[in-house]
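The values are calculated or read from the model by the stated rules, or taken from the named source; none is laboratory data. The structure displayed is predicted, hence computed values, not measured ones. Here the Cβ positions follow ideal geometry from the backbone for every residue, glycine too, while neighbour counts run over all protein chains shown. When the accessible area is computed, the model is the full protein with side chains, heavy atoms only, and any ligands, DNA or RNA have been set aside. Shrake-Rupley method; radii C 1.70, N 1.55, O 1.52, S 1.80 Å.
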Amino acid sequence: MRRKMIAGNWKMNKITAEAIELANGLKRELYKIDDVDIVVCPPFTALEEVSEATYESNIKLGAQNMHWEESGAFTGEIAPMMLKDLGCEFVILGHSERRLYFHETNDTVNKKTKAALKAGLTPIVCVGETLQEREAGKTFEVIQDHVYNSLKDLTEEELAKIIIAYEPVWAIGTGKTASPEQAQEVHKFIRDLLKKKYSEVLAEEIVILYGGSVKPGNTKELVNQIDIDGALVGGASLDVKNFSEIVNAASTCGTK
Ligand code: 13P
């Protein structure tokens, strides 16, 4: 059985005082939830404060990126153990904004995924096609490339520890959500890929989140899809009411 998960990607938003306020608000609203893993991913600068604010609560902490090396001369970068040190359990890797604006490739995402696992962090590995790619009929080709190459050379045991987030680039921050059927189709495709390349057990166990304009009003229909286990939420995760409603909506969905 897979656990449901709602993760908030705060992106480059919230100075520390705002981050603490948001974390405290979520704690107040969501303390009763025990059937959904709740994760917040603040910017690096607010990780320590949010870690303290969410300590011993049902809200877990994630980061939005990291470097693959353990330490060294990499000015401006953050190492996996630095995230662990602040209480992070998760790290988002290969988000489309990182791939698009910061030239991340499957290769760097692959190195980061291995480094995160080595450090005991759970990677949330993002995959997804652009509008151009979808319109050119290349969605499945792109997803296969992202899944196989971002996760290259991982053992089945390692793969069982990761989370995949399907985020169609055309649905991110645009207000255009993939329809539940469109999202389900790709989630099933990802599970089938994993079944083909690894095993049915792995394909059934792995948590796959949907991301792209998830809001309180569309969460239920998305998370009710058989292969969608939750959501990676951007804009709507910046507000206590919206994010709490999304978590509550996921909580009413059945477990798969
Ligand atoms: P929005 O929810 O703002 O579309 O962003 C989705 C996303 O990129 C989450 O990682």
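Checking each residue in segment 29-57 for being in contact (Cβ under 8 Å) with a residue 12 or more places away in the chain, open to solvent by 70 Å² or more (accessible area, probe 1.4 Å) and not acidic (Asp, Glu) picks out TYR31, PHE44, THR45, TYR55. Scanning segment 1-15 for residues that are open to solvent by 50 Å² or more (accessible area, probe 1.4 Å) and either more than 17 Å from GLY62 (Cβ to Cβ) or modelled with pLDDT under 95 (or both) gives MET1, ILE15. For segment 127-134, the criterion of being hydrophobic (A, V, I, L, M, F, W, C), part of a helix (DSSP H, G or I) and within 16 Å of the ligand (Cβ to nearest atom) is met by at least one residue. Condition (residue is closer than 18 Å to ALA236 by Cβ, without any contact (Cβ under 8 Å) to a residue 24 or more places away in the chain and not in a strand (DSSP E or B)) applied to segment 9-17: is it met by at least one residue? Within segment 9-17, not a single residue is closer than 18 Å to ALA236 by Cβ, without any contact (Cβ under 8 Å) to a residue 24 or more places away in the chain and not in a strand (DSSP E or B).
Of the candidates LYS161, LYS188, the single residue that is touching a strand residue (DSSP E or B) at 6+ places or on another chain (Cβ under 9 Å) and more than 16 Å from the ligand (Cβ to nearest atom) is LYS161. Within segment 227-256, residues that are closer than 16 Å to GLN184 by Cα reach partners that are in a strand (DSSP E or B) and basic (Lys, Arg) with beta carbons closer than 7 Å, at six or more positions or on different chains, in the pairs ASP229/LYS4; GLY230/LYS4; ALA250/LYS4; CYS253/LYS4; THR255/LYS4. Among the conditions (1) farther than 20 Å from ASP145 by Cα; (2) away from the ligand (no atom under 15 Å from the Cβ); (3) of a type in the set (S, T, N, Q), THR155 misses just one, which is (1). Scanning segment 169-178 for residues that are open to solvent by less than 20 Å² (accessible area, probe 1.4 Å) and more than 9 Å from the ligand (Cβ to nearest atom) turns up just one, ALA178. Just so you know, in segment 204-215 the residues that are within 10 Å of the ligand (Cβ to nearest atom) and part of a loop (DSSP other than H, G, I, E, B) include one that is farthest from LEU193 (Cα to Cα), and it is LYS215.
Taken residue by residue, segment 103-111 has no member that is of a type in the set (Ser, Thr, Tyr), surrounded by fewer than 18 Cβ atoms within 10 Å (Cβ to Cβ) and farther than 25 Å from LEU194 by Cβ.
Taken over segment 216-248, the criterion of being closer than 19 Å to GLN182 by Cβ, away from the ligand (no atom under 14 Å from the Cβ) and open to solvent by 10 Å² or more (accessible area, probe 1.4 Å) is satisfied by LYS220, GLU221, ASN224, GLN225, ILE226, ASP227.
Every residue, every condition in (1) within 15 Å of the chain's Cα centre (by Cα); (2) surrounded by fewer than 21 Cβ atoms within 10 Å (Cβ to Cβ), yes or no:
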| site | (1), (2) |
| --- | --- |
| ILE162 | yes, yes |
| GLU167 | yes, no |
| PRO180 | no, yes |
| GLN184 | no, yes |
| LEU194 | no, no |
| TYR198 | no, yes |
| VAL201 | no, yes |
| VAL207 | yes, yes |
| VAL214 | yes, no |
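If you go through segment 76-98 and keep only what is within 16 Å of the ligand (Cβ to nearest atom), open to solvent by less than 40 Å² (accessible area, probe 1.4 Å) and in a helix (DSSP H, G or I), you end up with just SER96.
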